[in-house]
Amino acid sequence: MSVLVLADHDQGVLSPATARIVHAVAELGTVDILLAGENIAAPAQSASTLAGVAKVLTAEGLFVADSLEMLLSTLTVRYHYVVASAGSVGKDVLPRLAAKLDLMPVTDVTAILGPNRFERPIYAGNALQTVASNQPKHLLTLRASAFRAAATGNAAPIEAIDTSGVSSAAKLIASHRTQSETPDLATAQIVVGGGIAVGSAEGFQLIESLAKKLNAAVGATRAAVDAGYAPNDWQVGQTGKIIAPDLYIAIGISGALQHLAGIQGAKKIVAINTDPEAPLVKLADIALIGDLFQVIPQLIAELDKIGLKR
Ligand SMILES: Cc1cc2nc3c(=O)[nH]c(=O)nc-3n(C[C@H](O)[C@H](O)[C@H](O)COP(=O)(O)OP(=O)(O)OC[C@H]3O[C@@H](n4cnc5c(N)ncnc54)[C@H](O)[C@@H]3O)c2cc1C
């Protein structure tokens with residue numbers, strides 16, 4: 001069996017999600033990685049070091065969803081599995097490829113139970129579904145945070161592929177990126193999340209200060225995002241990002257089901273809340289009952305004392 005993994009990369013850096021996907025699919029067969037896009041020399045080099053990778057294919061150029069789907073469809077004939085992370089690129093490209101090949105994609109996979117059995121959460125993570133697929137090929141998106149990363153130390157060959165027949169009906173006019181000093185939410189080891197109780201965008205600066213001390217990413221509830229206290233891309237939950245940090249510090253967050261759907265992979269949860277009956281307080285490994293506007297400055301002062309600064 002052979003597997004093609006579509007790598008995620010940005011600004012010349014391979015996403016940590018790709019190492020997790022490679023580890024997850026290693027038992028399915030021989031794994032090749034496809035790196036498509038601009039500025040891919042360094043990420044291709046990183047991909048070649050991942051244990052279990054047989055070959056890294058590179059396609060240099062600007063790809064949007066339809067051209068990436070076209071590129072993948074020319075390669076798919078060689079593979080039994082085509083796998084991407086369930087991030088923005090994978091969610092955009094894999095369903096297009098599935099439609100083209102008349103296959104059913106299996107999305108948001110959190111466990112691979114066998115060559116054609118995959119587990120995925122449904123109902124906002126309140127139930128797990130096992131999908132058995134008897135299709136000739138499998139198109140999968142994987143929730144990278146559910147898997148461990150592959151080790152490094154490999155030196156797989158890197159091979160440029162011909163993209164001359166690939167075209168696109170779409171044209172990229174401009175892209176705008178959010179500038180952030182904090183790590184990426186989806187892969188951060190520590191996340192500090194704020195809820196509606198933070199009260200304002202200025203209040204979120206307090207959350208950001210704590211996050212900076214801990215080298216953590218900042219998350220928010222939908223209520224805080226809807227109120228305009230935090231940007232859209234900080235939203236964690238069913239309709240936001242899925243996170244799986246080692247530590248999640250939830251500040252002024254009640255723990256609605258839709259928020260919990262995004263934090264099920266968190267290994268340890270600390271809740272800071274005035275309400276001892278809040279669902280997230282009950283779920284947390286450690287709960288600090290108190291007013292966030294008193295607790296957070298104290299916490300920052302204590303971190304300063306022990307010299308835990310960025
Ligand atoms: C279809 C759908 C999708 C949704 N998707 C998402 C999603 O992806 N992500 C998401 O987060 N939500 C989502 N929601 C919204 C979700 O249902 C909740 O409304 C939201 O998560 C609540 O946010 P919150 O915890 O900030 O606010 P609240 O539920 O109002 O909780 C505020 C908490 O702050 C505490 N508090 C108050 N003052 C203080 C203080 N001074 N110090 C400390 N604690 C204090 C309170 O005790 C309370 O527990 C979705 C809803 C729907 C219907």
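The values are calculated or read from the model by the stated rules, or taken from the named source; none is laboratory data. As the structure is a prediction and not an experimental result, all values here were calculated from the model. Cβ placement follows ideal geometry from the backbone for every residue including glycine, while neighbour counts extend to all protein chains displayed. Please note that ligands, DNA and RNA were not included when accessible areas were found on the heavy atoms of the full protein model with its side chains. Shrake-Rupley method; radii C 1.70, N 1.55, O 1.52, S 1.80 Å.
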Once a ≥ b ≥ c are taken as the square roots of the eigenvalues of the Cα gyration tensor of the chain, is the result rounded (a/c under 1.5), prolate (a/b larger than b/c) or oblate (a/b not larger than b/c)?
-> prolate
So, in Å, what gap is there between the alpha-carbon centers of region 66-94 and region 1-58?
-> 13
Around Gly52, what is the net charge, scoring Lys/Arg as +1 and Asp/Glu as -1 over all other residues with Cβ under 14 Å from its Cβ?
-> +1
Go through region 162-167 residue by residue and turn each phi into a ³J(HN,Hα) via Karplus (6.51, -1.76, 1.60, θ = phi - 60°); whole Hz please, and just put x for glycine and proline.
-> 7, 10, 4, x, 8, 9
Hey, rough spin-label estimate for Gln205 and Gln45, points 7 angstrom out along Cα→Cβ, what's it come to in nanometres?
-> 4.0
Mean accessible area per residue over the chain (1.4 angstrom probe, all protein chains present, square angstrom) is 48
With a 1.4 angstrom probe the carbon and sulfur portion of accessible area for the chain, in percent, totals 52
Charge dipole of the chain built from unit charges on the beta carbon (Lys, Arg +1; Asp, Glu -1), centred at mean Cα; most positive-end Cα among Ala284, Ala216, Gln235 is Ala284
Only Lys, Arg (+1) and Asp, Glu (-1) charged, at Cβ; the chain dipole about Cα centre in debye | 440
Out of Ser145, Ser46, Ser180, any idea which swings most in a Gaussian network model of the chain, alpha carbons joined below 10 Å?
-> Ser180
What list of ³J(HN,Hα) values in whole Hz, one per residue of region 188-194 in order, does the Karplus curve 6.51 cos²θ - 1.76 cosθ + 1.60 (θ = phi - 60°) give from phi, with Gly and Pro shown as x?
-> 5, 7, 10, 10, 10, x, x
Can you bin region 132-186 into rounded, prolate or oblate? Criterion: square roots of the alpha carbon gyration tensor eigenvalues sorted a ≥ b ≥ c, rounded for a/c under 1.5, prolate for a/b above b/c, oblate for the rest.
-> rounded
List, in order, the whole-Hz ³J(HN,Hα) value for each residue of region 124-136 obtained from phi through the Karplus relation with A = 6.51, B = -1.76, C = 1.60 and θ = phi - 60°; use x for Gly and Pro.
-> 6, x, 7, 8, 10, 10, 9, 10, 9, 10, 9, 6, x
Give me the aspartates and glutamates in straight-line cross-link reach of Lys212: C-alpha distance below 13 Å, same-chain residues under 8 apart excluded.
-> Glu181, Asp184, Asp304
Residues with amide H under 5 Å from that of Ile269, placed H, sequence gap 5 or more = Tyr248, Asp285, Ile286
Would you list, by chain and number, the aspartates and glutamates whose Cα falls below 14 Å from the Cα of Lys91, excluding same-chain residues fewer than 8 positions away?
-> Asp8, Asp66, Glu69, Asp108
Cα gyration tensor of region 185-305, axes a ≥ b ≥ c as square roots of the eigenvalues: rounded (a/c below 1.5), prolate (a/b > b/c) or oblate?
-> rounded
